[in-house]
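Trainee: Provided herewith is a single structure, encoded as structure tokens, for subsequent inquiry.
The values are calculated or read from the model by the stated rules, or taken from the named source; none is laboratory data. In this text, all values refer to a predicted model and were calculated from it rather than measured experimentally. Ideal geometry is used to build each Cβ from the backbone, glycine not excepted, and the neighbour counts take in all protein chains shown.
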Amino acid sequence: MKQLALSTLLLLSFLPSFAQRNCASMDVLEHELATDPGMAARMEEIENHTQRFVQSGSTNERVVITIPVVFHIIHNGDAVGSSENLSTTYINAQLDQLNKDFRKQNADVSSVPSAFAGLAADSEIQFCLAQRTPAGAATTGINRYNYNTASPSTSYIDGTIKPATIWDRTKYLNIWTANLGGGLLGYATFPGGTSTKDGVVVLASSVGSVATPNPSGGSFGKGRTATHEVGHWLNLRHIWGDSNCGNDQVSDTPTQQTSNGGCPNFPKVTCSNGPSGDMFMNYMDYVNDACMVMFSTGQKNRMKALFATGGSRVSLVTSNGCTPPGGTGTCGTPSGLGSSSITSSSATVSWAAASGATSYNVQYKTSAATSWTTLSTASTSLNLTGLSASTTYNWQVATVCSGTSSAYVAGSNFTTLASGGGSTCTAFEPNETGQTAAILPLNTTSTAFICTSTDIDWYRFTTTSTATKVRVQMTSVPADYDMKLYNSSSTLLGTSENSNTNDEQLIVNATSTNTYYLRVYGYGGVFSSTDSYLLNVATSASNFRTTGLENAQNEISEISLFPNPSNDKVNISFISTAENNLTITVFDVSGRQIISQQATATEGQNNLGLDVSQLQTGFYFVQVDNGSMRQQNRLVIAR
């Protein structure tokens, strides 16, 4: 292996105008592997764990991870607000951009070509500015350090600045900003590296967002450098695998010859990857900030593996860095977020009750805005009014408990109707035919409308090689809506025509990757221009259960766990249609059985207690099996 001194990284010949993105993460990794004898073995185990996680089917469980972030601003004695000693405005804008990019809430994700749109993923990872220091004191999450160095080298940053300023990496993501030299935009450490160097370094002029670009950054001033480098910190490689037609360890990103710069035209075919070519709009390529807009589902799975039981960064799941000091007791995280009753000027957002809640804080803003409007409520829903027509809104909610609060959890975006509603409804429109079918995101709940008696909604989605099974669910149905599912050859695969406002469901347990077309329509021309329906396309490596109504006498449904996260005892709540003997089983993410006990269900609502005091911190699955049906929910153990 080449022995590369870290101090030589800046000797590369880069253009000062940043005509090409330059990331030193792989050079830093090579240096660490050459100087740390144990790192290669640690990275191999992390990779093995990642593959076990992906193969276990755990990738379809939706748990949002919130990571506390501390920004270390390295400057040369400049006043706050200078190009090096960055203002709080740019730090907040950067955090907002990270959250949009990792939660697939960036408006420019709509520019993804249709060939890749079905792969664009919400990574279910979000970020907050740290509210407490490792010692428990209050903080803004922004620290400023004068090192009297105009352009610190990577060797000086890693050897001197990082060890002196780093916060506990098991609880925080450390991001350093500095006036890097030599045209370097940033670099990051991969999981498994040295504890005193762990984190992300970015050029100060790159810090900002699409909404609040840093004018000093040019093509790289919209916050995507941090998105790219945090991707490395979360175990993502460059999309071309850092070699000619290399391997980035992700199954759904096409092999490509090398990095792309600027803003290429689609398609750009290399490495025999036609007809769609390179996924150059991926955050892990080298294109300009304005042209990188997505993570893929496979990349999401690699990142989420770090937070599963035994994962390299699992300790961040239980970090209290987002909680202000002085809080007592457990404050549950909101779940089951949704939006409904959307009009041109209002919408209702809702969530499930969280443990310990005394009230909830709700924030909302237009997708283009940088600041939030904050409201409070003691209820588990809130009607937002005074909204603008034909506008996409972001919203999030946090639990307020006695003396503390949870982190904000992002809800699904919603788009208000055009003034007057009717046939000018905008959600997913126009999508009147299979040829104009809208791209439906996978494993995400989407809101849509049937606006008139002649409105028909068509959608298109494509499965991946690691998750070929499909379950389509339509819920919150305002009228008698039905749906049909077709393959790419226009062959009808299934019809769901339940009466009145009952939910609809279609399941195809395919064995290979497919493109599907979904048709949603109102029976007899029924419609609602004010009430939406919800669509969710779930994909899995395992078959979805296809039990019909003939087995309804032996069903279990609406399983939930509380408190979740838990540290001692968890209550399992569910509905049973009959009295049954049950087996309650707890598995870790590798599928290993940890707990198994017998119980009895009664007809109707059931609440069973389960002792989990012996489980270690991490993710688990709780399975309820009545002999003919199994239901699972993910459990987080936090201590």
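Trainee: Name every residue in region 65-90 that is among the hydrophobic types (A, V, I, L, M, F, W, C) and closer than 19 Å to residue 125 by Cβ, in order of residue number.
Mentor: Result: 65, 67, 69, 70, 71.
Trainee: Residues to consider are 252, 278; find the one that is surrounded by fewer than 23 Cβ atoms within 10 Å (Cβ to Cβ), over 30 Å from residue 357 (Cβ atoms) and touching a strand residue (DSSP E or B) at 6+ places or on another chain (Cβ under 7 Å).
Mentor: The unique qualifying residue is 252.
Trainee: Counting only residues that are of a type in the set (Ser, Thr, Tyr) and farther than 30 Å from residue 445 by Cβ, which one in region 105-152 is surrounded by the fewest Cβ atoms within 10 Å (Cβ to Cβ)?
Mentor: Going through the qualifying residues, I end up with 140.
Trainee: Scan region 178-216 residue by residue and report those that are among the hydrophobic types (A, V, I, L, M, F, W, C) and either over 26 Å from the mean Cα position of the chain (by Cα) or over 23 Å from residue 304 (Cβ atoms) (or both).
Mentor: Listed by number, the residues that qualify are 178, 180, 184, 185, 201, 202, 203, 204, 207, 210, 211.
Trainee: State which residue is surrounded by the fewest Cβ atoms within 10 Å (Cβ to Cβ) when the search covers only region 427-462 and only residues that are touching a helix residue (DSSP H, G or I) at 6+ places or on another chain (Cβ under 8 Å) and in a strand (DSSP E or B).
Mentor: 439
Trainee: Follow-up. Any residue at all in region 205-221 that's more than 23 Å from residue 98 (Cα to Cα), surrounded by fewer than 22 Cβ atoms within 10 Å (Cβ to Cβ) and either touching a residue at least 40 places away in the same chain (Cβ under 8 Å) or touching a strand residue (DSSP E or B) at 6+ places or on another chain (Cβ under 9 Å) (or both)?
Mentor: Within region 205-221, none of the residues are more than 23 Å from residue 98 (Cα to Cα), surrounded by fewer than 22 Cβ atoms within 10 Å (Cβ to Cβ) and either touching a residue at least 40 places away in the same chain (Cβ under 8 Å) or touching a strand residue (DSSP E or B) at 6+ places or on another chain (Cβ under 9 Å) (or both).
Trainee: Considering only region 477-492, state which residues are buried (at least 18 other Cβ atoms within 10 Å of the Cβ) and aliphatic (A, V, I, L, M).
Mentor: Matches in region 477-492: 477, 483, 485.
Trainee: Right, next: Quick check on region 118-137. Is at least one of its residues closer than 24 Å to residue 218 by Cβ and not in a strand (DSSP E or B)?
Mentor: So far as region 118-137 goes, no, none of its residues is closer than 24 Å to residue 218 by Cβ and not in a strand (DSSP E or B).
Trainee: Let me ask another. Report whether or not residue 217 is at pLDDT below 95, out of contact with any His (no Cβ under 6 Å at 6 or more places or on another chain) and closer than 28 Å to residue 169 by Cβ.
Mentor: Spelling it out, residue 217 is indeed at pLDDT below 95, out of contact with any His (no Cβ under 6 Å at 6 or more places or on another chain) and closer than 28 Å to residue 169 by Cβ.
Yes/no per residue for (1) among the aliphatic types (A, V, I, L, M); (2) at pLDDT below 75; (3) assigned to a strand (DSSP E or B):
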| site | (1), (2), (3) |
| --- | --- |
| 542 | no, no, no |
| 546 | no, yes, no |
| 586 | yes, no, yes |
| 590 | no, yes, no |
| 599 | yes, no, yes |
| 607 | no, no, yes |
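Trainee: A further question follows. Sort out for me the strands (runs of 3 or more DSSP E) sitting completely within region 353-397 that have 1 or more residues that are surrounded by 13 or more Cβ atoms within 10 Å (Cβ to Cβ) and without any contact (Cβ under 8 Å) to a residue 12 or more places away in the chain.
Mentor: The qualifying strands (runs of 3 or more DSSP E) are 373-377.
Trainee: Okay, moving on. What single numbered condition from (1) in a loop (DSSP other than H, G, I, E, B); (2) under 13 Å from residue 25 (Cα atoms); (3) of a type outside the set (Asp, Glu) fails to hold for residue 232?
Mentor: Of the numbered conditions (1) in a loop (DSSP other than H, G, I, E, B); (2) under 13 Å from residue 25 (Cα atoms); (3) of a type outside the set (Asp, Glu), the odd one out for residue 232 is (1).
Trainee: Okay, next question. Among (1) in contact (Cβ under 8 Å) with a residue 40 or more places away in the chain; (2) farther than 26 Å from residue 615 by Cα; (3) touching a Ser or Thr at 6+ places or on another chain (Cβ under 6 Å), there is one condition residue 299 misses while meeting the rest; what is its number?
Mentor: For residue 299, the exception is condition (3).
Trainee: For residues in region 281-299 being over 14 Å from residue 101 (Cα atoms) and out of contact with any strand residue (DSSP E or B) (no Cβ under 8 Å at 6 or more places or on another chain), which is surrounded by the fewest Cβ atoms within 10 Å (Cβ to Cβ)?
Mentor: The qualifying residue surrounded by the fewest Cβ atoms within 10 Å (Cβ to Cβ) is 288.
Trainee: Out of the residues in region 463-476 that are surrounded by 23 or more Cβ atoms within 10 Å (Cβ to Cβ) and of a type in the set (A, V, I, L, M, F, W, C), which is nearest to residue 500 (Cα to Cα)?
Mentor: 472
Trainee: Which residue, of 157, 175, is outside any loop (DSSP other than H, G, I, E, B), over 24 Å from the mean Cα position of the chain (by Cα) and buried (at least 20 other Cβ atoms within 10 Å of the Cβ)?
Mentor: After ruling out the rest, the residue left standing is 157.
Trainee: Taking the criterion of being assigned to a loop (DSSP other than H, G, I, E, B) and closer than 30 Å to residue 138 by Cα, would at least one residue in region 296-307 satisfy it?
Mentor: yes
Trainee: Would you list the strands (runs of 3 or more DSSP E) that sit entirely within region 463-528 and hold 1 or more residues that are in contact with a helix residue (DSSP H, G or I) (Cβ under 8 Å, 6 or more places away or on another chain)?
Mentor: Correct list: 481-487, 515-522.
Trainee: Determine if region 553-570 includes at least one residue that is touching a Phe, Trp or Tyr at 6+ places or on another chain (Cβ under 6 Å), at pLDDT 80 or above and surrounded by 14 or more Cβ atoms within 10 Å (Cβ to Cβ).
Mentor: no
Trainee: Report, by residue number, each residue of region 106-143 that is among the hydroxyl-bearing types (Ser, Thr, Tyr) and under 17 Å from the mean Cα position of the chain (by Cα).
Mentor: Of everything in region 106-143, those that are among the hydroxyl-bearing types (Ser, Thr, Tyr) and under 17 Å from the mean Cα position of the chain (by Cα) turn out to be 110, 123.
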